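Here's the structure we're looking at; comments come further down.
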Amino acid sequence: MRVLHQFVNTKKYRTRHEFHERIQPKGNHYIIGLDAGYSSMKVFHETGYFCIPSFVKRITENQLTIQSPEDLLYRDGNGELYLIGKTAQNLVSSTDTNDTESELFSRKRYSSHAFQILCNASLALAMQKKKDNRSPVVQTGLPPAYLEADSQAMRKALCGTREFELKVGLEPWKLCRLDFRPDQIYLMPQPAGSLYSALIRSNGEYAPDARDLLYSNSLVLDIGFGTFDFYGLKSRAIVCRESIDDIGMREVLKETSGRILDDLQEDIRVPALQKCLERGTVEYVNEEQMEAGEKDLSPYLEQASGDVFKKAMEKARNVTNSFREYKYLIVGGGTGEAWYAKICDYLKGMKTLQILPSNRNDPTLPFLYSNVRGYYLYRYSMDKNNKR
């Protein structure tokens with residue numbers, strides 16, 4: 001019997017827009033874990049977690065005649081209105097060039113108005129659940145290679161007094177006020193979030209094998225949207241801190257867009273591709289013959305993902321000296337989850353290397369939350385012991 005090839009489910013590749021309630025361990029301070037990613041803002045707080053696409057679009061009141069439960073609206077001090085997240089992405093046309101990729105995915109985005117809006121909204125949504133007078137603290141992170149140079153800019157993006165309005169779905173507008181000092185902001189290498197997520201259970205206690213993981217030679221591969229980050233420990237000493245910015249889901253989607261352009265002559269850029277991922281098809285128009293139709297997106301996506309994966313593994317071999325001397329490999333990040341089976345198969349001959357998913361202590365959570373979960377639980381552990 002002939003077995004048909006099953007292509008990837010493109011919906012799983014679209015950036016999530018979701019809110020979940022769940023009780024986390026409470027610290028002496030009100031802890032907020034913030035993973036300000038290129039594709040999405042992931043947040044952990046005491047009573048839940050959420051993810052919103054890192055996309056902001058300025059709009060007018062007239063553009064929102066019908067409201068949606070997925071709307072996330074932001075009004076700044078000048079009265080300007082912005083749409084955030086999934087519904088903002090849905091407004092992007094396939095021919096739209098106003099939302100340039102260089103601005104959306106730039107490393108030096110900290111001072112941009114869009115990044116400030118995303119950070120303000122994320123922190124305000126987490127702070128809405130605060131019911132006491134404990135001081136809030138934020139644990140966040142940066143790609144390992146950027147940590148030293150960009151920490152000051154990241155703190156500046158999160159600190160100071162800000163007032164704005166926020167509207168979530170069909171709820172009424174709420175006035176929000178944030179006031180964070182630099183000493184309330186903590187930073188770590190992003191992959192360290194996945195490391196601590198693999199070390200700490202959901203009750204805030206370290207797993208029985210945490211000491212072995214931390215004291216042995218362990219490597220974290222954090223493969224996200226914008227960067228492929230390496231974080232290697234050998235006998236507790238950091239021996240590898242690298243960030244590669246041309247490998248990740250952004251590169252997969254760029255490759256997908258290129259294949260669509262070659263085949264269908266439709267130039268659909270990465271921001272506009274998000275709607276296609278949810279739909280599973282790409283629309284095309286043949287202007288000469290005045291024909292229009294839809295084509296399955298999954299073959300383009302799968303081929304692009306396979307090509308970028310090969311490039312990623314070649315980079316990983318070069319950076320890690322072919323994984324020599326590592327006992328544990330922890331795989332994190334949304335792209336890491338998409339490639340997890342491929343990575344296990346690629347390294348199946350490495351009998352001395354044990355591969356672990358970053359969500360091993362909380363399998364119900366996707367890999368993309370591992371960093372922010374680790375941020376939260378690491379800060380909780382430090383807070384409980386009154387350590388910085």
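The values are calculated or read from the model by the stated rules, or taken from the named source; none is laboratory data. Just so we're clear, the structure is a prediction, and the values are computed from it rather than from any experiment. Every residue, glycine among them, receives a Cβ derived from its backbone with ideal geometry; neighbour counts consider all protein chains shown. With ligands, DNA and RNA removed, areas are computed over all heavy atoms of the protein, side chains included. Shrake-Rupley method; radii C 1.70, N 1.55, O 1.52, S 1.80 Å.
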> Excluding ligands and nucleic acids, what accessible area in Å² is computed for HIS45 using a 1.4 Å probe, to the nearest 10?
Replying inline: 10
>> Quick test of the membrane-span-like rule: which DSSP H helices of the chain reach at least 24 Å along their long axis (C-alpha atoms) with mean Kyte hydropathy at least 1.6?
In response: none
>> At 1.4 Å probe size, put ARG379, ARG269, ARG236, ARG181 in order of accessible surface, largest to smallest.
In response: ARG236, ARG181, ARG269, ARG379
>> Place a point 7 Å from the Cα of ILE59 along the Cα-to-Cβ direction; which residues of the range 151-175 have their backbone N under 11 Å from it?
In response: 169
> Hey, what did the range 317-365 get for relative contact order, percent, Cα under 8 Å, at least 6 apart?
Replying inline: 46
>> Suppose the chain between ILE238 and LYS311 were pulled fully straight at 0.36 nm per residue; how much longer would it get relative to their current alpha carbon spacing?
In response: 23.8 nm
>> I'd like the FRET efficiency for ARG201 and GLN354, computed as 1/(1 + (r/R0)^6) with the beta carbon distance as r and R0 of 22 Å, rounded to 0.05.
In response: 0.70
> Any idea what Rg and Dmax come out to for the range 201-267 if you just take the C-alpha atoms, in Å?
Replying inline: 18.5, 55
> Hey, got the Cα dimensions of the chain along the principal axes, in Å, largest first?
Replying inline: 69, 57, 40
> So what is the calculated 222 nm ellipticity per residue for the chain, using -39500 (n - 2.57) for each DSSP H run with n of 4 or more, over all residues, to the nearest 500 deg cm²/dmol?
Replying inline: -10500 deg cm²/dmol
> So how strong a dipole does the chain carry about its Cα centre when Lys and Arg Cβ are +1 and Asp and Glu Cβ are -1, to the nearest 20 debye?
Replying inline: 1960
> What does the accessible area per residue of the chain come to in Å², with a 1.4 Å probe and no ligands, DNA or RNA counted?
Replying inline: 47
>> Out of the total accessible area of the chain (probe 1.4 Å, heavy atoms of protein only), what percent is carbon and sulfur?
In response: 46
> Given 0.36 nm per residue, what is the gain on full extension from ILE66 to ASP132 after removing their alpha carbon distance, in nm?
Replying inline: 20.2 nm
> With contacts defined as alpha carbon pairs under 8 Å and 6 or more residues apart, what's the relative contact order of the chain in percent?
Replying inline: 20
> What is the extension gain from THR161 to SER112, computed as 0.36 nm multiplied by their sequence separation minus the C-alpha to C-alpha distance, in nm to one decimal?
Replying inline: 16.0 nm
> Per residue, what volume in Å³ does the Cα convex hull of the range 238-298 take up?
Replying inline: 98
>> Are there any trypsin sites (Lys or Arg not before Pro) in the range 8-65 that are in a DSSP loop and have at most 14 other Cβ atoms within 10 Å? List them by number.
In response: ARG22
